[in-house]
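Student: Below you will find the structure I want to go over with you.
The values are calculated or read from the model by the stated rules, or taken from the named source; none is laboratory data. It should be emphasised that the depicted structure is a prediction, and the values quoted were computed from it without experimental measurement. Cβ sites come from the backbone with ideal geometry, for glycine too, and all protein chains shown count toward neighbours.
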Amino acid sequence: MPEHAAARSLVSFNITPEMPEDRAAREALLDRAMGPGRKRKSSEKLRRGRLPSGGLAFIARDNNGSVLGTVRLWDVMAGDKGPAALLLGPLAVDPALKSSGIGSALMQHAISEAARLRHKAILLVGDASYYGRFGFSAARTSALSMPGPYERERFLALELAEGVLSGASGTLVATGRKAKPAQVARAA
């Protein structure tokens with residue numbers, strides 16, 4: 001995988017596929033970055049009991065192999081009889097390295113890999129000012145919803161194939177591979 005040197009902090013890191021042995025470090029990072037309420041989010045309802053989409057779970061590591069950041073994408077259906085799509089999240093970076101470019105590199109890598117694997121759309125719940133720079137907007141989500149509470153203005157989409165979300169409506173539905181009990185513990 002290519003090595004990235006974040007311009008603002010001189011942090012050197014590599015983005016690699018997530019491995020089962022990354023679980024403990026990824027969970028600790030998510031707890032530090034997102035806090036204890038992270039598992040109560042609406043997006044979690046779509047991830048629970050599922051595995052990330054094949055080939056779309058990534059870790060940013062420093063030269064010593066320490067986990068600095070993480071991002072995953074999950075298979076969903078965009079509403080009632082809607083098109084297949086991906087749900088991105090969580091994206092997290094070690095809080096000590098905020099604004100180092102790791103999150104941006106993870107996002108660019110995840111989008112690039114999703115496109116390479118011929119996925120058509122990515123959805124997420126997040127800050128429009130941050131994700132807008134990657135092409136995400138609320139323009140294609142007005143007729144879609146998340147299962148459970150969420151802030152509508154934070155429900156964003158990026159079409160990787162123009163018009164794929166046109167006419168999509170209803171609540172997102174998880175469609176990804178179900179995890180076996182041992183995999184749930186590793187994937188949590």
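Student: Looking at Glu113, Glu153, can you tell me which residue is acidic (Asp, Glu) and in contact with a Phe, Trp or Tyr (Cβ under 9 Å, 6 or more places away or on another chain)?
Tutor: That would be Glu113, the only listed residue that is acidic (Asp, Glu) and in contact with a Phe, Trp or Tyr (Cβ under 9 Å, 6 or more places away or on another chain).
Student: Quick one: count up the residues across the range 153-179 that are polar (S, T, N, Q) and farther than 19 Å from Arg48 by Cα.
Tutor: Qualifying residue count, the range 153-179: 2.
Student: Also, quick follow-up: For the range 96-110, how many residues are among the polar types (S, T, N, Q) and crowded, with 21+ Cβ neighbours inside 10 Å?
Tutor: Going through the range 96-110 one residue at a time, the tally reaches 1.
Student: Same structure again: With Leu97, Leu88, Leu106, Leu117 as the choices, which residue is out of contact with any Lys or Arg (no Cβ under 7 Å at 6 or more places or on another chain) and under 18 Å from Ser42 (Cβ atoms)?
Tutor: On the way: Leu97 fails: under 18 Å from Ser42 (Cβ atoms); Leu106 fails: under 18 Å from Ser42 (Cβ atoms); Leu117 fails: under 18 Å from Ser42 (Cβ atoms).
On inspection, the qualifying residue turns out to be Leu88.
Student: Next up: Among the listed residues Gly148, Gly176, identify the single one that is more than 18 Å from Arg40 (Cα to Cα), at pLDDT below 95, in contact with a helix residue (DSSP H, G or I) (Cβ under 9 Å, 6 or more places away or on another chain) and small (Gly, Ala, Ser).
Tutor: Just one listed residue meets the conditions, Gly176.
Student: On the basis of being small (Gly, Ala, Ser), surrounded by 17 or more Cβ atoms within 10 Å (Cβ to Cβ), without any contact (Cβ under 8 Å) to a residue 60 or more places away in the chain and over 20 Å from Gly176 (Cβ atoms), does Ala28 make the cut?
Tutor: no
One line per residue, one yes/no per condition, for (1) surrounded by fewer than 21 Cβ atoms within 10 Å (Cβ to Cβ); (2) closer than 20 Å to Arg154 by Cβ:
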residue	(1), (2)
Ala78	no, yes
Ala84	yes, no
Leu87	no, yes
Pro90	yes, yes
Asp94	yes, no
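Student: Only residues that are outside any loop (DSSP other than H, G, I, E, B) and touching a strand residue (DSSP E or B) at 6+ places or on another chain (Cβ under 6 Å): list them for the range 66-81, please. Steps first, please.
Tutor: First, pick out the residues of the range 66-81 that are outside any loop (DSSP other than H, G, I, E, B): 67-77.
Of everything in the range 66-81, those that are outside any loop (DSSP other than H, G, I, E, B) and touching a strand residue (DSSP E or B) at 6+ places or on another chain (Cβ under 6 Å) turn out to be Val67, Leu68, Gly69, Thr70, Val71, Arg72, Leu73, Trp74, Val76, Met77.
Student: Across the range 99-123, what is the number of residues that are farther than 18 Å from Gly55 by Cβ and free of Cβ contacts under 8 Å to residues at least 40 places away in the same chain?
Tutor: 2
Student: Any chance you could count how many residues in the range 3-25 are buried (at least 16 other Cβ atoms within 10 Å of the Cβ) and either under 24 Å from Lys178 (Cα atoms) or at pLDDT below 90 (or both)?
Tutor: 6
Student: Still on this structure, please answer the following. Need a quick list: strands (runs of 3 or more DSSP E) entirely within the range 82-183 having at least 2 residues that are under 16 Å from Leu56 (Cα atoms) and under 12 Å from the mean Cα position of the chain (by Cα). Lay out the reasoning, then the answer.
Tutor: Numbers: elements: 84-88, 121-125, 155-159.
Here the list reads 84-88, 121-125.
Student: I'd like to know if the range 47-65 contains one or more residues that are basic (Lys, Arg), touching a Pro at 6+ places or on another chain (Cβ under 6 Å) and either in a helix (DSSP H, G or I) or surrounded by fewer than 22 Cβ atoms within 10 Å (Cβ to Cβ) (or both).
Tutor: Scanning the range 47-65 turns up no residue that is basic (Lys, Arg), touching a Pro at 6+ places or on another chain (Cβ under 6 Å) and either in a helix (DSSP H, G or I) or surrounded by fewer than 22 Cβ atoms within 10 Å (Cβ to Cβ) (or both).
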